Amino acid sequence: MILTLTGASGAGKTTIAGELLKKLPIYARMVPSYTTSTCKPRPTDLPGEYKYVSKFRFRFLKKIGAFLWTVYPHGNSYGTTKRWVSRALKDDSTVYVMLLFSDAIKKLNGFAEEVGYSNQVFSFFILSPAQEILRERLKSRGDEEGEIEKRIADCIKWDSEAKISDISYEFVENNSTIEVVTEKVITEFVQKFDDCDSYF
């Protein structure tokens, strides 16, 4: 089964995902993203988040149609394979965590429906903190005033678009500590899991 996390930049998705890997009441891991990035892994990277491959192998995988989607930020290539997504959908003993944009979730949902596992995707949207909380957080980490206002505007836009999208998100507010927000996600996930008769 797959648990996705979506939200504006700075909403805490990566940190929450890291906590979920440790605290979910069932074994959890990431669905890896294949990448050609030559940068050293960052301290914020999650265990199993990336598989580093050569540009040749990445092009080969793309040519044979192995990827469900690809993205190319900052000159690097990232792709998620159909094989890994299929594995995650069919494995009911593990929760596979993914950090995704809304466009990727739509592709994921379409693929899951196509292979008959549409009830194995649980999508959460992490709502941005209230503006005053977000402003204080950004100030405390040293962001410039102009950047703070841009980030707040981006968060408002992301949250508004998510609420009217056709994706069936479970919305979780990030107005508290990461521990509290993570617990909210776990509680909501377990409730949705328990409500799915097809698991038993």
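For the reader, a short list of remarks on this structure follows.
- Residue count for segment 8-24, restricted to those that are assigned to a loop (DSSP other than H, G, I, E, B) and not small (Gly, Ala, Ser): 1.
- For Phe122: the one exception among (1) in contact (Cβ under 8 Å) with a residue 40 or more places away in the chain; (2) part of a helix (DSSP H, G or I); (3) open to solvent by less than 40 Å² (accessible area, probe 1.4 Å): (2)
- If only residues of segment 9-24 that are within 11 Å of the chain's Cα centre (by Cα) and open to solvent by less than 10 Å² (accessible area, probe 1.4 Å) are counted, the one that is nearest to Asp143 (Cα to Cα) is Ile16.
- The lone criterion from (1) more than 25 Å from Val31 (Cα to Cα); (2) open to solvent by 80 Å² or more (accessible area, probe 1.4 Å); (3) of a type outside the set (Gly, Ala, Ser); (4) free of Cβ contacts under 8 Å to residues at least 24 places away in the same chain left unmet by Glu161 is number (4).
- Enumeration of residues in segment 78-116 that are hydroxyl-bearing (Ser, Thr, Tyr) and more than 16 Å from Val31 (Cα to Cα): Ser102
- Among (1) closer than 14 Å to Met1 by Cα; (2) touching a Lys or Arg at 6+ places or on another chain (Cβ under 9 Å), the one test that Leu108 misses: (2)
- One residue from Ala130, Ala104 being more than 14 Å from the chain's Cα centre (by Cα) and of a type in the set (A, V, I, L, M, F, W, C): Ala130
- Filtering Ile167, Ile186, Ile156, Ile152 for residues that are open to solvent by less than 90 Å² (accessible area, probe 1.4 Å), modelled with pLDDT of 85 or more and assigned to a loop (DSSP other than H, G, I, E, B) leaves a single hit, Ile167.
- Asp143 of a type in the set (Asp, Glu), under 15 Å from Ser9 (Cβ atoms) and touching a strand residue (DSSP E or B) at 6+ places or on another chain (Cβ under 9 Å): no
- Test: residue in segment 138-147 that is more than 20 Å from Val185 (Cα to Cα), out of contact with any Pro (no Cβ under 6 Å at 6 or more places or on another chain), surrounded by 12 or more Cβ atoms within 10 Å (Cβ to Cβ) and without any contact (Cβ under 8 Å) to a residue 40 or more places away in the chain: yes
- Of everything in segment 41-91 that is of a type outside the set (Gly, Ala, Ser) and in contact with a Pro (Cβ under 7 Å, 6 or more places away or on another chain), the residue that is most open to solvent (accessible area, probe 1.4 Å) is Lys51.
- Hey, Tyr27 of a type in the set (Ser, Thr, Tyr), open to solvent by 30 Å² or more (accessible area, probe 1.4 Å), farther than 21 Å from Val190 by Cβ and out of contact with any Leu (no Cβ under 9 Å at 6 or more places or on another chain) or not: no
The values are calculated or read from the model by the stated rules, or taken from the named source; none is laboratory data. What you see is a predicted model, and the numbers here were worked out from it, not measured in a lab. Here Cβ is always computed from backbone atoms with ideal geometry, including for glycine, and neighbour counts include all displayed protein chains. For accessibility, only protein heavy atoms count, side chains too; no ligands or nucleic acids. Shrake-Rupley method; radii C 1.70, N 1.55, O 1.52, S 1.80 Å.
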